[in-house]
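Participant: Take a look at this one; I'll ask things after.
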Amino acid sequence: GVKLLLHGLCSNTTVRSLDLKGNNLRTVGAEALGKLLRQNKSIRSLILEWNSLGLWEEGFSFFCQGLGANNSLQRLDLRNNQINHQGAGELAMALKQNASLQELDLRWNNIGLLGGRALLNCLHSNKTLRRLELAGNNVPSDILKAVEQAMDHNKDRQTILSETQNRTSVLAKEILSLKDEKTKQFLDLMDTIDKQREEITRSDRVSAAQVSQLQEALDEQHAIMNSLKAKLQMTEAALALSEQKVHNLGELLNAAKQEQTSVAEHHFMELQQQKQESADREGKLLHDLSAASEKNLLLRNQVDELEKKCRVQQDQLFQVKQDLTNTTAELKLRNVQAEERLEAEKKRFKQSLEDMESLRVKEVDHMAQHFEARERSMQDRIQRLEASKIALEEELSQVKAASLTERGKAEEELIKVRNQARLEEQQRLEHLEEKLRLMTEARDEAQNFCLKQKQMVAEAQAKASQVSLQAEGLRRRLEELQQDLNSKEEEKVAEVNKVKVELQEQIGHLQAERTAQDGLREKIAALERQMKALSSSHREALLDKESEISILLEKLRMKEADISRMREEEAQRASFLQNAIMAYVQGSPLGTHSSRK
């Protein structure tokens with residue numbers, strides 16, 4: 001029943017706690033538990049109290065192998081299971097491989113001195129176990145104290161790991177907030193670019209309206225000129241008519257003279273009157289001619305003045321164009337100088353950041369190597385001390401009185417060494433915290449430097465805005481020309497290119513941060529691959545063992561088949577012998593005599 005239950009739980013993903021207390025599990029149950037621990041990834045607590053699993057060595061070894069391959073179980077209760085020192089050794093091997101178990105209860109078993117030593121040795125490689133109960137196992141008090149110290153060390157390590165994880169989470173949140181701020185800045189820059197584009201379109205529209213107004217004024221001036229030309233043509237026509245009238249009057253005068261010669265006397269008075277009238281008419285005509293000529297002179301003078309004004313305006317336009325070209329050249333030079341300064345400052349900042357990162361990586365590598373060397377030296381010291389302790393315990397069995405003093409000395413030395421190790425670890429942690437503080441200060445300095453650079457950029461932008469205001473003043477003076485619009489567009493394009501360059505640099509920074517995060521992810525992936533490789537190797541070893549078991553079972557079946565075949569052959573031989581004996585007895589004279597009787 002337990003085998004079927006555990007086989008069903010192998011593929012379950014919802015059960016978190018399993019209590020099998022007092023179920024008299026045997027070899028089959030222990031093997032099923034080992035298979036469950038290999039395959040199930042959801043069970044966190046397993047209670048196996050009062051089951052006597054230690055009596056079945058093969059089943060318990062299979063259970064310990066499953067425990068070593070498990071990565072999800074956190075609490076295991078094995079009280080009152082008659083586990084001896086061999087079972088404790090199997091558990092120690094499993095605990096060396098396990099990386100998830102946090103609580104293990106082994107009270108009221110038969111672990112003894114050797115089992116306690118095996119469990120104490122496995123705690124040097126297991127860093128996740130925080131609670132190990134060994135009461136009622138005939139384990140010496142010094143081993144119990146050493147186990148408690150190892151548990152305290154693991155608890156401290158877990159707290160340090162949790163703190164580091166919290167710090168990494170805080171740093172990740174800060175990185176996310178920085179990314180959000182950068183995205184906001186990017187969006188703000190895009191909004192400013194859109195606003196500038198809208199302002200450019202508005203200025204284009206205003207300039208187009210002004211150009212249209214100027215065109216209308218020019219059209220009006222052309223219309224005025226055309227009207228003046230028409231008036232000139234009218235005056236010329238009037239002059240031609242007056243000349244024709246003078247010619248006609250001359251002809252009339254000749255006719256009148258001919259008539260006067262014919263009738264001179266009769267019409268002498270009339271001729272005088274006519275002469276006076278003609279003289280008056282001629283005076284009027286001459287006055288009209290002089291007025292018309294004066295009007296022509298005035299019109300010609302006005303035309304000359306208009307031409308002079310046009311020339312003056314053209315000269316002014318030419319001077320304004322020259323001023324504009326000079327100011328644009330100066331602005332471009334200033335912008336190029338500002339860009340070069342910004343690029344130099346950015347290169348210096350990047351170089352300083354790269355140097356700081358390389359120094360930090362080298363210091364971290366050096367500290368990691370130093371920490372590993374210290375750990376190895378401490379492990380060697382602990383192993384040596386344990387060897388000396390074992391020798392002292394063997395001498396204790398021979399001379400109890402001398403062993404007590406030596407044991408006290410060994411315990412004092414162990415306590416001193418552990419205190420020294422703790423002090424060294426604390427000093428290392430303080431040194432690492434100081435380095436972290438220095439790194440944070442360096443990061444703050446870099447951020448302050450970035451802020452200073454941003455302020456310098458803002459000042460440059462303010463200067464550029466002042467220059468742009470001056471340029472706008474010049475543009476307001478020269479609103480009549482369309483070339484100002486082109487200069488405006490070129491300046492706006494230059495500013496957009498600057499913003500694009502800054503955005504590309506920010507994108508480069510973001511990409512660098514992303515590459516750093518990708519490197520961290522690759523490291524995590526490499527660790528996961530190592531874990532997968534280890535799990536695959538364990539699975540292959542289990543598969544090899546299962547194949548060996550299957551081969552042994554096949555050999556047993558072959559042997560049983562051979563035994564059954566040999567039994568059948570022996571039975572056939574016995575039957576043949578019996579038949580032969582019966583036939584021999586019947587064929588012998590004794591058999592015949594008995595048959596006759």
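The values are calculated or read from the model by the stated rules, or taken from the named source; none is laboratory data. What you see is a predicted model, and the numbers here were worked out from it, not measured in a lab. For neighbour counting, all protein chains shown are included, and Cβ atoms are generated from backbone atoms with ideal geometry for every residue, glycine included. These accessible areas exclude ligands, DNA and RNA; they are computed on the full protein's heavy atoms, side chains included. Shrake-Rupley method; radii C 1.70, N 1.55, O 1.52, S 1.80 Å.
Participant: Looking at the structure I just gave you, is L48 more than 24 Å from L543 (Cβ to Cβ), at pLDDT 90 or above and crowded, with 23+ Cβ neighbours inside 10 Å?
Facilitator: yes
Participant: Is at least one residue of region 88-96 on the phi < 0 side of the Ramachandran plot, open to solvent by 10 Å² or more (accessible area, probe 1.4 Å) and either touching an Asp or Glu at 6+ places or on another chain (Cβ under 8 Å) or touching a residue at least 40 places away in the same chain (Cβ under 8 Å) (or both)?
Facilitator: Checked region 88-96: no residue is on the phi < 0 side of the Ramachandran plot, open to solvent by 10 Å² or more (accessible area, probe 1.4 Å) and either touching an Asp or Glu at 6+ places or on another chain (Cβ under 8 Å) or touching a residue at least 40 places away in the same chain (Cβ under 8 Å) (or both).
Participant: Specify which of the listed residues (R107, R157) is charged (D, E, K, R), modelled with pLDDT of 90 or more and open to solvent by 30 Å² or more (accessible area, probe 1.4 Å). Even if it seems obvious, please write down each step before you answer.
Facilitator: Working: R157 fails: modelled with pLDDT of 90 or more.
Just a single option satisfies the conditions, and that option is R107.
Results for (1) hydroxyl-bearing (S, T, Y); (2) at pLDDT below 75; (3) open to solvent by 90 Å² or more (accessible area, probe 1.4 Å), shown as yes or no for each residue.
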site: A344; (1), (2), (3): no, no, no
site: K350; (1), (2), (3): no, no, yes
site: E386; (1), (2), (3): no, no, no
site: E395; (1), (2), (3): no, yes, no
site: A402; (1), (2), (3): no, yes, no
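Participant: Quick check: is even one residue across region 143-161 in a helix (DSSP H, G or I), under 30 Å from R514 (Cα atoms) and touching a residue at least 24 places away in the same chain (Cβ under 8 Å)?
Facilitator: Yes, there is a match, as at least one residue in region 143-161 is in a helix (DSSP H, G or I), under 30 Å from R514 (Cα atoms) and touching a residue at least 24 places away in the same chain (Cβ under 8 Å).
Participant: In this structure, does V2 turn out to be over 21 Å from T128 (Cβ atoms), exposed (fewer than 15 other Cβ atoms within 10 Å of the Cβ) and either hydroxyl-bearing (S, T, Y) or touching a residue at least 12 places away in the same chain (Cβ under 8 Å) (or both)?
Facilitator: No: the conditions fail for V2.
Participant: Looking at region 211-225 only, could you name the residues that are within 29 Å of E294 (Cβ to Cβ) and open to solvent by 90 Å² or more (accessible area, probe 1.4 Å)?
Facilitator: E220, Q221, H222, I224
Participant: Regarding S242, is this residue open to solvent by less than 50 Å² (accessible area, probe 1.4 Å), out of contact with any Pro (no Cβ under 6 Å at 6 or more places or on another chain) and among the polar types (S, T, N, Q)?
Facilitator: So S242 passes the test.
Participant: Does E548 qualify as being open to solvent by 80 Å² or more (accessible area, probe 1.4 Å), assigned to a helix (DSSP H, G or I) and out of contact with any Leu (no Cβ under 7 Å at 6 or more places or on another chain)?
Facilitator: Here the answer is yes, as E548 does meet what is asked.
Participant: While we're on this one: Restricting attention to region 220-249, which residues are of a type outside the set (A, V, I, L, M) and under 15 Å from R281 (Cα atoms)?
Facilitator: Across region 220-249, the qualifying residues are S242, E243, Q244, K245, H247, N248.
Participant: Condition check: touching a residue at least 24 places away in the same chain (Cβ under 8 Å) and either touching a His at 6+ places or on another chain (Cβ under 6 Å) or within 30 Å of N301 (Cα to Cα) (or both). Does L241 satisfy that?
Facilitator: No; evaluated as a whole, the condition is false for this residue.
Participant: Can I ask one more? Can you find a residue in region 506-516 that is touching a residue at least 12 places away in the same chain (Cβ under 8 Å), closer than 17 Å to D191 by Cα, assigned to a helix (DSSP H, G or I) and open to solvent by less than 80 Å² (accessible area, probe 1.4 Å)?
Facilitator: Yes, that holds for at least one residue.
Participant: Go through the residues of region 478-491 one by one and say whether even a single one is among the basic types (K, R), part of a helix (DSSP H, G or I) and at pLDDT 80 or above.
Facilitator: no
Participant: S42 passes all but one of (1) at pLDDT below 90; (2) over 21 Å from L132 (Cα atoms); which number fails?
Facilitator: Condition (1) is where S42 drops out.
Participant: Only one of these is open to solvent by 70 Å² or more (accessible area, probe 1.4 Å), in a helix (DSSP H, G or I) and either modelled with pLDDT under 75 or not charged (D, E, K, R) (or both): L306, L271. Name it.
Facilitator: L306
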